[in-house]
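**Student:** Pasting a structure here, questions to come.
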Amino acid sequence: MPFQPWHPPQATALELRTITRHIAALTQQHTRQSNRLHAASASTTASRWVRQDLKRSLRDLQRRVEKMRSAALALLEQDVELRPRFALLLSMPGIGESSALHLLGELALLAPGLTVRQWVAHSGLDPAHHQSGTSVHQRSRISRAGNRYLRRALYMPALVAVRHDPHLRAFYQSLLARHQAKLQALIAVARKLLHAIFGMFRWQSTYDGSRLLPNIELPGLAVVA
């Protein structure tokens with residue numbers, strides 16, 4: 001193989017990933033504490049002191065998340081390469097500020113020469129086949145061998161996109177019509193989103209669902225050329 005020199009990642013990209021992963025950890029803590037508060041509120045034996053402490057903990061976690069999010073946004077404002085990529089992510093249906101930060105935190109460190117197939121493999125969303133001769137042939141599943149943070153960051157945008165983006169919704173419905181499970185169809189949408197992000201970053205263009213899915217027939221319309 002031809003020699004390819006390794007270049008260390010940018011310090012800004014590394015710091016952004018550190019911040020966004022810390023936000024993800026704080027968000028998980030917030031969810032756990034919220035569930036505990038819900039259980040304590042529904043219980044007739046839980047102490048009011050416990051409920052008050054849980055509420056204080058939730059407020060503190062929310063403040064810390066907002067502080068980290070502000071730090072991440074300030075970091076992006078100072079970087080001429082990451083700032084336009086963040087704006088491109090926000091142009092996609094289903095991707096808000098929080099999702100864009102988490103996605104960019106993971107994607108900013110990928111080598112510039114990777115292909116879209118390598119992006120998908122890195123995310124662990126590539127299909128893994130389980131077969132041996134003619135006797136063993138299990139249903140394909142995603143490999144889950146890649147970046148779990150990136151998979152999690154793609155899940156919510158995919159869920160929102162199938163509700164609000166007409167092209168991805170039509171793609172999702174076509175998969176369901178072919179008797180795919182809802183989770184399988186949602187994973188396929190997440191892969192399409194990753195393809196879209198790859199193209200947007202490469203060509204510096206905003207999201208266009210008709211280019212991502214040119215052969216999908218929208219409800220009430222002819223096939224988009």
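Every number here is computed from the coordinates shown, using simple stated rules; none is lab data. This one's a predicted model, so the numbers in the text were calculated from it and none came from an experiment. For neighbour counting, all protein chains shown are included, and Cβ atoms are generated from backbone atoms with ideal geometry for every residue, glycine included.
**Student:** Can you work out which of the residues in the stretch 82-110 that are without any contact (Cβ under 8 Å) to a residue 24 or more places away in the chain and part of a loop (DSSP other than H, G, I, E, B) is farthest from PRO157 (Cα to Cα)? Please lay out each step first, then the result.
**Tutor:** Our first condition is that a residue be without any contact (Cβ under 8 Å) to a residue 24 or more places away in the chain; within the stretch 82-110, this holds for 83, 86-87, 90, 96, 100, 110.
From what is left, the residues that are part of a loop (DSSP other than H, G, I, E, B) are 96, 110.
Details: GLY96: 8, LEU110: 20 Å.
The residue in question is LEU110.
**Student:** Follow-up question, since we're still on this one. Can you report the number of residues in the stretch 1-44 which are part of a helix (DSSP H, G or I), more than 21 Å from the chain's Cα centre (by Cα), aliphatic (A, V, I, L, M) and surrounded by fewer than 16 Cβ atoms within 10 Å (Cβ to Cβ)?
**Tutor:** 3
**Student:** Hey, another quick one. For SER57, are the conditions met, namely being of a type in the set (S, T, N, Q) and in contact with a Lys or Arg (Cβ under 8 Å, 6 or more places away or on another chain)?
**Tutor:** Values: of a type in the set (S, T, N, Q): yes; in contact with a Lys or Arg (Cβ under 8 Å, 6 or more places away or on another chain): no.
No; evaluated as a whole, the condition is false for this residue.
**Student:** I'm checking my understanding of the structure. Among residues of the stretch 175-198 that are surrounded by 15 or more Cβ atoms within 10 Å (Cβ to Cβ) and small (Gly, Ala, Ser), which one is farthest from the chain's Cα centre (by Cα)?
**Tutor:** Restricting to residues being surrounded by 15 or more Cβ atoms within 10 Å (Cβ to Cβ) and small (Gly, Ala, Ser), the top hit is ALA185.
**Student:** Separate question: Among (1) surrounded by 15 or more Cβ atoms within 10 Å (Cβ to Cβ); (2) out of contact with any helix residue (DSSP H, G or I) (no Cβ under 9 Å at 6 or more places or on another chain), where does GLU66 come up short?
**Tutor:** Of the numbered conditions (1) surrounded by 15 or more Cβ atoms within 10 Å (Cβ to Cβ); (2) out of contact with any helix residue (DSSP H, G or I) (no Cβ under 9 Å at 6 or more places or on another chain), the odd one out for GLU66 is (1).
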